[in-house]
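Below: one structure, written as structure tokens.
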Amino acid sequence: MAPAVLAGWSADDQRVVLRLFAQGCETDPPLRQGAASPPALPALCTRAASLLAGGEPSEDAARRFFESNFTFWRIRPAGAARGFMTGYFEPEFEGALTRSDAFPTPLYGRPVDLVTKMAGDDWPGLDPALTSARRTAKGLEPFPDRGEIEEGALAGQGLEILFMRDPVDRFVLQVQGSGRIRLPDGKVVRLVYSGRNGHPYTSLGRELSRRESIPPEQMTMDKLIARLKADAGFARELIRLNRSFVFFARNDALPADSGPIGGAGLPLTPLRSIAVDRSLWPYGMPAWIDTEIPDGKGGSEKLARLVLAQDTGTAIVGPARIDLFVGSGAEAGHRAGLIRHPFDFVVLWPR
């Protein structure tokens, strides 16, 4: 399709994405392995960097870069006219470096015996749905699930890197995949994704909707968190249904004003970075999205803009399914939790 037919294409400032694109498609290695890049994509990232080396380009020059070097393809899921978009954010919680009555819930670093399944790996004898496993003297075996970890499966290994107030805060952090922890002295620790135990992800929002007959379109992250915070026993039981468990690493070198690190290994930018199905789409892929999203204040905002695939997520499955990074902090979290919207999805594929 021709970019000229995209409503809002000529009004968007594509220089924002050009600068992100020029930083590279992904680090080597990326934080989470994605689909292989088409050969022309990394070369175009380099070309974008060369363009910027000559100074700040005009809006027209940035627009021509994408129009000249990419073909535009509208992506629709089977049986539907539009894709489906949710939002995510970088949360901030209180925490501590040592366990106490106020902060009893451990956050773990990556276990040394955790093995992540890569494309082409064959693990005979293990459930094909497992994306990670534990390496033992006898070979690979399933890694402990969330319930087993909460019962002490990782005790004595020295993997604790931080302690949080409760399992609900930890669950939210694990769903978002990154976060900030404010220590008692005011210092903020940045956390990045470092792996997961490989068990399937279960949506607690969907499960709560089913149990308490809440229409799915009315289930938000705010409602889910409030319900979990109100009943510790219920929270413990519901959270355990999600057997997936995420591990983190500290990134003290990440500037305070930088976005979190996405699956591509690069910082995310609010309302410009998206998470995609990493089995289908490569990191560094530009895309055009067109929809309306809640503004977080009771109204809505038209969103028609160029974005960049820089992240992935366990629940992000399918060719026209994305997660939009909204920003950091509670306000961004409130807004992200409201986004469950159909959208038009146009992928820019390198010529």
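Let's see how each residue does on (1) under 30 Å from LEU183 (Cα atoms); (2) in contact with a Gly (Cβ under 9 Å, 6 or more places away or on another chain); (3) at pLDDT 95 or above; (4) aliphatic (A, V, I, L, M):
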{"residue": "TYR108", "(1), (2), (3), (4)": "yes, no, yes, no"}
{"residue": "GLY120", "(1), (2), (3), (4)": "no, no, no, no"}
{"residue": "ALA133", "(1), (2), (3), (4)": "no, yes, yes, yes"}
{"residue": "LEU140", "(1), (2), (3), (4)": "no, yes, yes, yes"}
{"residue": "ARG146", "(1), (2), (3), (4)": "yes, no, yes, no"}
{"residue": "GLU151", "(1), (2), (3), (4)": "yes, no, yes, no"}
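Annotation: of all residues in segment 34-57 being touching a helix residue (DSSP H, G or I) at 6+ places or on another chain (Cβ under 7 Å) and open to solvent by less than 30 Å² (accessible area, probe 1.4 Å), the one that is nearest to THR312 (Cα to Cα) is CYS45. Return the residue satisfying two criteria in turn: it lies in segment 75-119 and is of a type in the set (Gly, Ala, Ser) and assigned to a loop (DSSP other than H, G, I, E, B), and of such residues it is surrounded by the fewest Cβ atoms within 10 Å (Cβ to Cβ). Within segment 75-119, the match that is surrounded by the fewest Cβ atoms within 10 Å (Cβ to Cβ) is GLY79. Does GLY179 satisfy being buried (at least 16 other Cβ atoms within 10 Å of the Cβ) and either β-branched (Val, Ile, Thr) or not in a loop (DSSP other than H, G, I, E, B) (or both)? When the stated conditions are applied, GLY179 passes them.
Conditions tested, residue by residue: (1) free of Cβ contacts under 8 Å to residues at least 12 places away in the same chain; (2) closer than 26 Å to ASP277 by Cβ; (3) small (Gly, Ala, Ser).
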residue: ASP12; (1), (2), (3): no, yes, no
residue: THR27; (1), (2), (3): no, yes, no
residue: LEU31; (1), (2), (3): no, yes, no
residue: ALA40; (1), (2), (3): no, yes, yes
residue: GLU56; (1), (2), (3): no, no, no
residue: TYR88; (1), (2), (3): no, yes, no
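Looking at SER209, SER194, just one residue is crowded, with 16+ Cβ neighbours inside 10 Å and without any contact (Cβ under 8 Å) to a residue 12 or more places away in the chain, and that residue is SER209. Restricted to strands (runs of 3 or more DSSP E) entirely inside segment 278-351, those with at least 1 residues that are among the charged types (D, E, K, R) and over 19 Å from the mean Cα position of the chain (by Cα) are 286-294, 300-312, 340-350. Looking only at residues of segment 252-277 that are modelled with pLDDT under 95 and either of a type in the set (D, E, K, R) or part of a strand (DSSP E or B) (or both), we find that the one that is least open to solvent (accessible area, probe 1.4 Å) is ASP252.
Just one of the listed residues (PHE171, PHE163, PHE143) is assigned to a strand (DSSP E or B) and either out of contact with any Ser or Thr (no Cβ under 9 Å at 6 or more places or on another chain) or touching a residue at least 12 places away in the same chain (Cβ under 8 Å) (or both), namely PHE163.
The set of residues in segment 58-74 being of a type in the set (Lys, Arg), open to solvent by 30 Å² or more (accessible area, probe 1.4 Å) and under 21 Å from ILE274 (Cα atoms) consists of ARG74 alone. Of all residue pairs spaced 6 or more apart or on separate chains, those with beta-carbon atoms under 7 Å, a first member in segment 293-309 that is under 22 Å from ALA330 (Cα atoms) and of a type in the set (A, V, I, L, M) and a second member that is open to solvent by less than 50 Å² (accessible area, probe 1.4 Å) and not in a strand (DSSP E or B) are ILE293/ILE339. Taken as a whole, the condition of being touching a Phe, Trp or Tyr at 6+ places or on another chain (Cβ under 6 Å) and in contact (Cβ under 8 Å) with a residue 12 or more places away in the chain does not apply to LEU280.
The values are calculated or read from the model by the stated rules, or taken from the named source; none is laboratory data. Computed from a prediction, not measured in an experiment: that's the story for all the values here. Glycine gets a Cβ as well: all are built from the backbone with ideal geometry, and neighbour counts include every protein chain shown. Quick note on the areas: whole protein, heavy atoms, side chains included, nothing else; ligands and nucleic acids left out. Shrake-Rupley method; radii C 1.70, N 1.55, O 1.52, S 1.80 Å.
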